[in-house]
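These notes are about the structure you will find just below.
The values are calculated or read from the model by the stated rules, or taken from the named source; none is laboratory data. Computed from a predicted model, the values in this text were never measured in an experiment. Don't worry about glycine lacking a Cβ; one is built from the backbone with ideal geometry, like all the others, and counts go over all protein chains shown.
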Ligand SMILES: Nc1ncnc2c1ncn2[C@@H]1O[C@H](COP(=O)(O)OP(=O)(O)OP(=O)(O)O)[C@@H](O)[C@H]1O
Ligand SMILES: Nc1ncnc2c1ncn2[C@@H]1O[C@H](COP(=O)(O)OP(=O)(O)OP(=O)(O)O)[C@@H](O)[C@H]1O
Ligand SMILES: [Mg+2]
Ligand SMILES: [Mg+2]
C-alpha cells in the first residue's frame, strides 16, 4: 500500500531520475555536461513555450488543439511581412497580434458560444492551418526573405566566457515565459481563479467568479504562447513553413499530462509541465546520442506517457 | 424562436443541400452526375470507414485519437508481410489482428485502468506510429512488394454496363461497413447498451450494464475499422507508408461531430456520420472542380464545422 | 443592517411552485431557524437571497428600504454570506485559498499575492471558530468533510471591506461531529452578539431548540409557522412540518405478509458499513432511517453488488447471494430505484423507451443480440400504463417529462422485470402529492404480489406510513430494528435525533 | 584499416520518400565497406529537429555529418558543427558555404528535359496540368524551369498548377485532384498532358485517367525520379511515358566518398558534385 502510494506520488519523478542516471552511465563523457543541457534547453524551448501556455487552459480543464496551426500561422505571417520588406518588429507584432486574435476566437467559441473546447479548437486548427497555407501560397519562405537579424536571434545567446558556455536566447526566452506563466498562475488572483474554475466550476460560479471572461482571456494567452513558439521556430530554421508547428500540439499536451502526474492532486502546474517537457527532451537527446533508432524512441515516449498516467492519481479506478 | 429551432434542428442538412445546389449551378455538366458521385464515394471511402467505427466509441462519449496511426500501422504490417512473400490473406488477417489488439489495448487503458480516452489514445497514437515506422524502417513499401491482386482491388468494381458505370469495390466495402456499424448500433442490444453508457455511464452501471466490458469491446471495433481503412488506403495507392493514415483522425472526428449536429439530441448516429463524411467529400470535390485553392477549402471546412456545431443542440448556452 | 424583510416571495420551476408567497422577517442579533421537510423550499429561498435564482416575485427591504438582488456579486456586496447546502470546495486548492474563493486576494505592491497575509487572515478566521488543528496551507482534499465545512464557515469570517451583515447556513451540521457542531454554535453566538443576522437551516431538532431565537417552518413552499423558539416544542414543530393530515397520505396496506423469506442478510460488513442484519419476507416493507449519511446509500451498494461483501453472508430466495456488480442483482430479479434520478438513474436525452428497458435488454433480445423492438414497445407501454405515466409517446426524451413523471419511468423500469426484491432509495424525492400517492399504491400492489421491499426515505412520515419494520442506522452501523406495531412518530424521532447524542 | 571506426551521422526529415531511401541505401553500402559506425536519423518532416540532432551529434563528437535538407534552414546547426570542426556534406540538399559540398542531380536539367519532352510530344499546343510542390526547394526549381519552358510555347496553356497534399505520400490526393479535373473537363482532348515535378503525382494522375476510362485520349504524362512504380507504368506503354532517373544510389555512394575525403582532411573545391541522370522512356526502361 505504502509502496503504491509512493509510486503514485513520485513515480514520474523517479522515472525521470532513472532516465538521467541511465544516460549518464551510458554516455559518461557527453550526457551530463553543462553544454549538453544547454543544448537540450534550446532544443525544447519551442515545445516548452507551447506547453507552458497550454497549461493555462488545461488548468481550467480545457484544451487547445489549435496551438500547432497557430504556431505555423504566426511564423508565416511574420515571414510574409518580412518578405514584403516590413521591419522585423512589425512582423513580430503582427504575429503576436494574430496569436491573440486567434486565441480570443477560440475563447469566444468555448466560453461565449459554449462549444466544447475539443470541437471548437479542432475547427480552428483546420482554419488556422488553411490560413497559413493561403498566406504563404503553400511555400516555405526562406533565404533572403528572412532578415538575418531575425534568424541570428536563435543562433545567439549570452556568453559566459569564464565557463566557455553560451546560454542561447531561445532558452532564455522560454525561461522568461515560464516565469510569466508561473507568475500568472501562482501569484495572481487571476491565476488562482483559473484553478478554482478547473477544480470546481460550480463552486466558482457560486462564489461569484466571472467564469466566462476568465476562460476567454486564458485562451488568448495560449494563442499568444503558440505565436511566440512559431516565431522562435522560424528564427531557428531561418524560414517559415505552413506546417512547421504541426508536431507541437500533441507533444505539448503530452508534456502537460506528464506534469500533471507529478502534482499533488493531478492538477496542471507549470513547473511540472517544465519537467514533462524535459523528460521528452532528455529522451530525445540521450537516445540520439546512444544511436537508438528514432522510431523506438517514439514508441517509448508513448509508452512512458501511458505508464506515468496509469500510475498517477489522475487515473481513478472505480471500485 | 421557431426559426431558430428549425436552424438548430436542420441547419446542417440545409447547409448540405445548399452546398450541393451551389455546386450544381456552378458546375452544371460535371458535378451532379452519377459518375462524379461514384468518384466521390470512392475518394471518401477510407475516411468513411474510420468515421463509422469512430462513431461506435463516440456513442459512449469516448474518443479514439489513435485511429490514424492504427491505419498506418495496419497498412505497413500487411505490406511488410507481402514483401516477405506471404499470401495476401495472411497479410490482411494480420493487419486486422493488429487492429483488434491495438483497439483492445486502448479499451484496456480506458476502461480497466481508467485513463481518460484523450490521454490513453494520445499515448497509443504515438506508440502505433512508432511501430509503423519501426516495422517499415521508415520506408514506403511499394512496387513489386505489393501484389497486384491486392492493389487491383481498389481499382476494380462492379460494372453496371447498362449505365456505363462502375461501382468501385472501395465504395462497396465502405457501404458494407456502414451497414454493419448501423446494424450493431441500431439493431442490437449491444448497440443500445453503448448508447445507454453514452447517455449516462453511472446510471447504466447501476441499471446492470457491464460498462467495462462494453467499452473494451467498442474500442476493439474502432481499432478494426482503422485497420480496414489502412488496408483500403494501401490498396488504393498500391503502397504503404508509415504516415499514410495521419490525416484521418481529425477528419473522422470532425465528420462525427458534423453528424451529431443533425441528430435529435446531439447523439452520434452512424447515418448522420455518413452525411458528415459526405459534406467533407463533396466540398473537396466541388471546390477542386471549381479550381478553388485547396487552402481556402481547408479554411472553409474548419469554419463549417464550427458553424454547424455552434448552431446545433450540442452547444448549450449557460445562462 | 438591523432588519431584513422578504415579502411575498414566490418562485416556481416550470409549473411547480417551490415557494409561494413566503414572507419572513430577520432581525439583527437573532438566529432565525428555517425548517421544513425535504423539498419544502428552504434551499430555494436561500438561493434567491444569494442572487443565484431569480424569484418570480419578491420585495426585499433592508431597514425598510427596498433593495433588489440581480446577481450573486450584488448579494455579496450587500454583505450576505452563505454556506450552501452542497459543499463547494475546490479540493486541489489549499484551505486558505478556498477561504478566499469569494474574496479578493490581498496583494503586495498591488501586484503579487501576499501569501503570508492570506495564511494569516485565514488562520485567524479559523481561530475565531476555535479551530486550530487545520493547517491553512494544506490542500482541502486532505481534510475530512467536517473540516471542509469548518473551512467554508470560517471563510465567512474573513475580514474584508464590506462588513458582513447576514450569515446563512444551509444544513451546516449535517456532516459535522458533535464537537465540531458545538464549535460552530459558539461562533454563531459570537456573530449574533456582534449584531449579525443569522438564518439557519437544519433538520436536527435539538440544535434548533438550543441555538435559535425564532423558527419559521415551510411546508410545500408555504410558510406555515413563525414563532419564538421559547414558545415552541419539538412536537409542535414536527407537527407543523409534516402536516396534520399525515395519515391520510398513505393508502391502506392490504394483503398479507407471506412467511417465505426473500432475503436474509446475516451480519454483513462492507468497506463502508458494519453489522447489517435483517430478513425480509415476501410482501414485507423494510424501512431504512437515520440521520443523513449514516450508511443508507451503502446498504443499497451492498445489495446491488457495487461494494463487495467483506464479512457475513446474504441469502436470496434461499440461495447464496454474492453480487459483484449491479448486473448480477438485476439478473436475480432485484430491482433498484437510485436516489438521484438525474445522476444515477436516467439518460436524460434518451427516450422513455430506452430508459425503461435499459436493464432488460438481454431478456428482450432475439437470437441473444438482436433488439426486439416489438417486445420493447410492448413492455414500455405496459409498464408506463401501470405506473400511470403522463407522456406523449415512448420516443419522447426524458428531460421533457416533469420530475414526478421522470421518477415514474424509473419505477416502470424497476417493475418491468417483475422483481422479487425492490430497492427504493428516496423514491418520492421532488415528487408531488399525486405522484407520491401513485408510487405508494404501486408499492402496495407489489407487496400483494409477494415482492419484498427496502425503502429508504428521509421523509419520516413516509417510513411510518409505508413500512412494516424500520432499520435505524447510526454512523454506518445498524443501530436497531423497530417492529411495526410499536412504531409511533415520537419513538422514531427519538431514535433519529437523539441516537447520535448518546 | 583504421584504429577506430569513424562515427558518421545521417540526418534527414524525408526518409519516407523513396528517393531518400535510395540515397541512404547507397550511402549505407559504401559506409559498411569503409567500416563506419553509422547512425541514420529520421526527423519525420521536422526541420528544427534536424538542427537539434546536429547539435546532439556534435556533442557526441562524431567525425562527419550528412544532411538531406535545405541547408539555409539549418544554419544554426551547421554553425555548431563548423565551430566543432566537424565536416557536413549535403546529400541532394542545396549549396551552402557551411557545407563541404553538396552531392546531387542537376534539377534544372531534369525539369528542362521532361518539360521539353512534353512540349515536343504534344507538338507545342494544348492544355497542360502541372503538379508542383514549392515548399521543397529542390522540387520548387523544377516547377520554375517547366513554367519557363511551357511559357515559351504560345499554344501551350497551363490549365492548372496543383500542389497536392503530400502528407500521405502524394498519390492519393493527386489522384483525387486529377479526378475532379477530369470531371470538370469531360471532352476528349481537353487535357493534352500532365507534367509532374516528381513521380507520385504522375502516378496518381495516371490512376485517375485510367479510372475515368480516358486512357485512350493520348494524354501524355511525365514525372521525375523514375521510381519503380513509375518504371512499371512506363514499361506498360500507357499514358505515363517518361521520367528521369536520378542515380539515387550513386548520389548516396558519392556522398559517402565526399564525406570520407572531408574527414581525412582533404579540401573539396567544388561546392556541388553532380551525379548524371538518364531520361527513362519505354525504349530504355527495361535496361
Ligand atoms: N432547479 C430546479 N428545477 C426544478 N425544481 C427544483 C429546482 N431546484 C429545486 N427544485 C424543487 O423545488 C423544491 C424545493 O427544493 P429545495 O431545495 O428548496 O428544498 P429544501 O427544503 O432545501 O429540501 P432539503 O431539506 O432536502 O434540502 C423541491 O421539490 C425541488 O425538487
Ligand atoms: N423541455 C421540455 N420540453 C417539452 N415539454 C416539457 C419540457 N419541460 C417540461 N415539459 C412539460 O411541461 C409540463 C410541466 O413540467 P414540470 O417539470 O414543470 O412539471 P411539475 O409540475 O414539476 O411536475 P412534477 O411534480 O411531476 O415534477 C410537463 O407536462 C412536461 O412534460
Ligand atoms: Mg435544501
Ligand atoms: Mg417538477
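Residue by residue, here is whether (1) more than 14 Å from the chain's Cα centre (by Cα); (2) in a loop (DSSP other than H, G, I, E, B); (3) crowded, with 24+ Cβ neighbours inside 10 Å holds:
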{"site": "B:4", "(1), (2), (3)": "yes, no, no"}
{"site": "B:42", "(1), (2), (3)": "no, no, yes"}
{"site": "B:46", "(1), (2), (3)": "no, no, yes"}
{"site": "B:57", "(1), (2), (3)": "no, no, yes"}
{"site": "B:75", "(1), (2), (3)": "yes, no, yes"}
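Only one of the listed residues (C:41, C:29) is out of contact with any strand residue (DSSP E or B) (no Cβ under 6 Å at 6 or more places or on another chain) and closer than 23 Å to residue C:229 by Cα. That residue is C:29.
Test residue B:169 against the stated conditions and say whether it is away from chain A (no Cβ under 14 Å), touching a helix residue (DSSP H, G or I) at 6+ places or on another chain (Cβ under 7 Å) and free of Cβ contacts under 8 Å to residues at least 40 places away in the same chain.
On the way: away from chain A (no Cβ under 14 Å): yes; touching a helix residue (DSSP H, G or I) at 6+ places or on another chain (Cβ under 7 Å): yes; free of Cβ contacts under 8 Å to residues at least 40 places away in the same chain: yes.
Spelling it out, residue B:169 is indeed away from chain A (no Cβ under 14 Å), touching a helix residue (DSSP H, G or I) at 6+ places or on another chain (Cβ under 7 Å) and free of Cβ contacts under 8 Å to residues at least 40 places away in the same chain.
Under the condition of being more than 7 Å from chain B (Cβ to nearest Cβ), in a helix (DSSP H, G or I) and surrounded by fewer than 24 Cβ atoms within 10 Å (Cβ to Cβ), the residues counted in segment A:99-124 number 9. A count restricted to segment A:266-309 and to residues that are free of Cβ contacts under 8 Å to residues at least 24 places away in the same chain and closer than 26 Å to residue A:192 by Cβ stands at 1. When segment C:30-55 is limited to residues that are within 12 Å of chain A (Cβ to nearest Cβ) and part of a loop (DSSP other than H, G, I, E, B), the one that is nearest to ligand 4 (Cβ to nearest atom) turns out to be C:53.
Annotation: of all residues in segment C:187-206 being at pLDDT 85 or above and in a helix (DSSP H, G or I), the one that is surrounded by the fewest Cβ atoms within 10 Å (Cβ to Cβ) is C:193.
Taking the options A:71, A:51, name whichever one is within 12 Å of another protein chain (Cβ to nearest Cβ), part of a helix (DSSP H, G or I) and either buried (at least 23 other Cβ atoms within 10 Å of the Cβ) or over 16 Å from the mean Cα position of the chain (by Cα) (or both).
Working: A:51 fails: within 12 Å of another protein chain (Cβ to nearest Cβ).
A:71 is the lone residue from the list that is within 12 Å of another protein chain (Cβ to nearest Cβ), part of a helix (DSSP H, G or I) and either buried (at least 23 other Cβ atoms within 10 Å of the Cβ) or over 16 Å from the mean Cα position of the chain (by Cα) (or both).
Would you mind stating whether residue C:101 is within 11 Å of chain A (Cβ to nearest Cβ) and either away from ligand 1 (no atom under 16 Å from the Cβ) or part of a loop (DSSP other than H, G, I, E, B) (or both)?
Working: within 11 Å of chain A (Cβ to nearest Cβ): yes; either away from ligand 1 (no atom under 16 Å from the Cβ) or part of a loop (DSSP other than H, G, I, E, B) (or both): yes.
Taking the combined requirement at face value, the residue satisfies it.
Taking each residue of segment C:168-191 that is under 13 Å from residue C:128 (Cα atoms) and looking for partners that are within 16 Å of ligand 1 (Cβ to nearest atom) and in a helix (DSSP H, G or I) with beta-carbon atoms closer than 8 Å, six or more apart or interchain, yields C:184/C:172; C:184/C:173; C:185/C:207.
Any idea which of (1) over 26 Å from residue D:182 (Cα atoms); (2) surrounded by fewer than 19 Cβ atoms within 10 Å (Cβ to Cβ); (3) within 14 Å of chain A (Cβ to nearest Cβ) is the one residue D:44 doesn't satisfy? In the conditions (1) over 26 Å from residue D:182 (Cα atoms); (2) surrounded by fewer than 19 Cβ atoms within 10 Å (Cβ to Cβ); (3) within 14 Å of chain A (Cβ to nearest Cβ), residue D:44 misses (2) alone.
Residues checked against (1) buried (at least 23 other Cβ atoms within 10 Å of the Cβ); (2) modelled with pLDDT of 95 or more:
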| site | (1), (2) |
| --- | --- |
| A:226 | yes, yes |
| A:237 | yes, no |
| A:245 | yes, no |
| A:260 | yes, no |
| A:265 | no, no |
| A:286 | yes, no |
| A:294 | yes, no |
| A:305 | yes, no |
| A:319 | no, no |
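Of the listed requirements (1) in contact with a strand residue (DSSP E or B) (Cβ under 9 Å, 6 or more places away or on another chain); (2) modelled with pLDDT of 95 or more; (3) closer than 21 Å to residue D:56 by Cα, residue A:230 misses just one: (3).
Summed over segment A:244-275, the residues that are touching a helix residue (DSSP H, G or I) at 6+ places or on another chain (Cβ under 6 Å) and part of a loop (DSSP other than H, G, I, E, B) give a count of 9.
So which helices (runs of 4 or more DSSP H) stay within segment C:360-457 end to end and still have 2 or more residues that are within 26 Å of the chain's Cα centre (by Cα) and either at pLDDT 90 or above or within 15 Å of ligand 4 (Cβ to nearest atom) (or both)? Reasoning before the result, please.
Working: elements: C:373-386, C:403-415, C:433-448.
Answer list for segment C:360-457: C:403-415, C:433-448.
Considering segment D:142-175, and only residues there that are modelled with pLDDT under 90 and in a helix (DSSP H, G or I), the residue that is farthest from the other protein chains (Cβ to nearest Cβ) turns out to be D:173. Looking at this structure, is residue C:348 touching a residue at least 40 places away in the same chain (Cβ under 8 Å), in contact with a helix residue (DSSP H, G or I) (Cβ under 6 Å, 6 or more places away or on another chain) and surrounded by fewer than 21 Cβ atoms within 10 Å (Cβ to Cβ)? Taking the combined requirement at face value, the residue satisfies it. Of all the listed residues (B:129, B:162, B:151, B:136), the sole one being more than 14 Å from chain C (Cβ to nearest Cβ), surrounded by fewer than 22 Cβ atoms within 10 Å (Cβ to Cβ) and in contact with a helix residue (DSSP H, G or I) (Cβ under 7 Å, 6 or more places away or on another chain) is B:151. None of D:196, D:230, D:208 is at pLDDT 95 or above and within 23 Å of residue B:141 (Cβ to Cβ) except D:196.
Each row is one residue, and each column tells you yes or no for (1) within 14 Å of chain C (Cβ to nearest Cβ); (2) over 27 Å from residue D:69 (Cβ atoms).
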| site | (1), (2) |
| --- | --- |
| A:173 | no, no |
| A:178 | no, yes |
| A:182 | yes, yes |
| A:192 | yes, yes |
| A:213 | yes, yes |
| A:224 | no, yes |
| A:247 | no, no |
| A:251 | no, no |
| A:258 | no, yes |
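Do we have any residue at all in segment D:30-39 that's within 20 Å of residue A:39 (Cα to Cα) and in contact with a strand residue (DSSP E or B) (Cβ under 7 Å, 6 or more places away or on another chain)? Before you say what the answer is, go through the steps one by one.
At the first step, the residues of segment D:30-39 found to be within 20 Å of residue A:39 (Cα to Cα) are D:39.
With the extra rule that they be in contact with a strand residue (DSSP E or B) (Cβ under 7 Å, 6 or more places away or on another chain), the set shrinks to D:39.
Checked segment D:30-39: at least one residue is within 20 Å of residue A:39 (Cα to Cα) and in contact with a strand residue (DSSP E or B) (Cβ under 7 Å, 6 or more places away or on another chain).
Of the residues examined, residue C:85 is not one that is under 25 Å from residue C:431 (Cα atoms) and away from ligand 1 (no atom under 15 Å from the Cβ).
Just one of C:144, C:123, C:165 is more than 30 Å from the chain's Cα centre (by Cα) and more than 10 Å from chain A (Cβ to nearest Cβ); which is it?
Sole residue among the options that is more than 30 Å from the chain's Cα centre (by Cα) and more than 10 Å from chain A (Cβ to nearest Cβ): C:123.
Applying a threshold of 9 Å to beta carbon distances and a minimum spacing of six or more residues, or different chains, the list of pairs starting in segment C:28-48 at a residue that is under 16 Å from residue C:10 (Cβ atoms) and modelled with pLDDT of 90 or more and ending at one that is outside any loop (DSSP other than H, G, I, E, B) and within 16 Å of ligand 2 (Cβ to nearest atom) reads C:45/C:11; C:45/C:18; C:45/C:19; C:48/C:11; C:48/C:19. Residues in segment C:394-410 that are away from ligand 3 (no atom under 16 Å from the Cβ) and away from chain B (no Cβ under 13 Å): C:394, C:401, C:402, C:404, C:405, C:407, C:408.
Could you run through segment C:158-182 and say how many residues are at pLDDT below 80, surrounded by 16 or more Cβ atoms within 10 Å (Cβ to Cβ) and out of contact with any strand residue (DSSP E or B) (no Cβ under 8 Å at 6 or more places or on another chain)?
Looking only at segment C:158-182, we keep the residues that are at pLDDT below 80, and these are C:159-164, C:173-180.
So of that shortlist, the ones also surrounded by 16 or more Cβ atoms within 10 Å (Cβ to Cβ) come out as C:164, C:173-176, C:180.
So of that shortlist, the ones also out of contact with any strand residue (DSSP E or B) (no Cβ under 8 Å at 6 or more places or on another chain) come out as C:173-176, C:180.
Counting residues in segment C:158-182 that are at pLDDT below 80, surrounded by 16 or more Cβ atoms within 10 Å (Cβ to Cβ) and out of contact with any strand residue (DSSP E or B) (no Cβ under 8 Å at 6 or more places or on another chain) gives 5.
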